[in-house]
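In what follows, a single structure is set out as C-alpha cells and then discussed.
Quick note: the coordinates plus some simple rules give every number you see, no bench work behind them. In this text, all values refer to a predicted model and were calculated from it rather than measured experimentally. FYI the Cβ positions are ideal-geometry reconstructions off the backbone, even for glycines, and counts take in every protein chain you see.
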Amino acid sequence: MSEASIGGVADSRMDIHEILDYLPHRYPFLLVDRVLNVVPGERITALKNVSMNEPFFPGHYPHHPVMPGVLVVEAMAQTAAILAFKTMGSKPDNKSVYYFVGIDNARFKKPVGPGDQLLLAVTLTFSKRGIWKFSATATVDDQLVAEADLICAVRPTP
C-alpha cells in the first residue's frame, strides 16, 4: 500500500500486512500496529494499540496493569527498524539481522495501560556503515510517556 502512487504522491501509510514484511517480529512480540507516516531517511510515526489482552498484563501488575517500560522502548526500536529498512530500500531476510545495540537518555514520564494508544515518533539522526542512531518518543493523548536515543546495527547473520 505505501508504495502505491496516488496522483503522483507516494502514500506513506502502512497497514499491518506491510509492517509484517518489514519486521521479523510476530505475536506476542510485534509491537507496531500501523504506520501513519514514513519519510525514508528522515522520520516515521506509528501506532501501538495497547489492549488488556497483552500477554504481559497478568504479571505486570495484576491489580494495576502497566505496560513494561522496556516494551515501550522496544516498540520505539521496532518503529526505528521500519524506518531503517525503508531508508535502505530493503526488507529483512535470513542473510542479516537488525540488532538493537544501545539506548541512551531513556526516560519514562507516565505509565502506559490498557486502552492507551501509543504514538511512536522516530527521527533518524545518524547512519553510517550499518550503524543507525535515532531519537524516539512515545506519547499517549499528546502527553509524553517515554523518550530515548536508540542505536541499532545491521549485521550479517553468522
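Do we find a residue being surrounded by 13 or more Cβ atoms within 10 Å (Cβ to Cβ) and among the small types (Gly, Ala, Ser) anywhere in segment 53-71?
Within segment 53-71, one or more residues are surrounded by 13 or more Cβ atoms within 10 Å (Cβ to Cβ) and among the small types (Gly, Ala, Ser).
Could you tell me which residue of segment 87-125 is surrounded by the most Cβ atoms within 10 Å (Cβ to Cβ), considering only residues that are farther than 19 Å from Asp149 by Cα and of a type in the set (Ser, Thr, Tyr)?
Result: Ser96.
Show the residue pairs that are 6+ apart or on different chains and have beta-carbon atoms under 6 Å apart, the first residue being within segment 106-118 and closer than 13 Å to Lys48 by Cβ, the second being of a type in the set (Lys, Arg) and part of a strand (DSSP E or B).
From segment 106-118, the pairs are Leu118/Lys48.
If you take the residues of segment 40-77 that are in a helix (DSSP H, G or I) and in contact with a strand residue (DSSP E or B) (Cβ under 8 Å, 6 or more places away or on another chain), which of them is farthest from Asp21 (Cα to Cα)?
Filtering segment 40-77 for residues in a helix (DSSP H, G or I) gives 57-59, 69-77.
Pick out the ones that are also in contact with a strand residue (DSSP E or B) (Cβ under 8 Å, 6 or more places away or on another chain) and you get 69, 72-77.
Numbers: Gly69: 26, Val72: 21, Val73: 21, Glu74: 18, Ala75: 16, Met76: 17, Ala77: 16 Å.
Of everything passing the filter in segment 40-77, Gly69 is farthest from Asp21 (Cα to Cα).
Looking at Ala84, is it part of a strand (DSSP E or B), surrounded by 13 or more Cβ atoms within 10 Å (Cβ to Cβ) and not polar (S, T, N, Q)?
Spelling it out, it is not the case that Ala84 is part of a strand (DSSP E or B), surrounded by 13 or more Cβ atoms within 10 Å (Cβ to Cβ) and not polar (S, T, N, Q).
Can you tell me which residue among Ala80, Ala84 is in contact with a Leu (Cβ under 7 Å, 6 or more places away or on another chain) and either in contact (Cβ under 8 Å) with a residue 24 or more places away in the chain or within 21 Å of Ala121 (Cβ to Cβ) (or both)?
After applying the criteria, what remains is Ala80.
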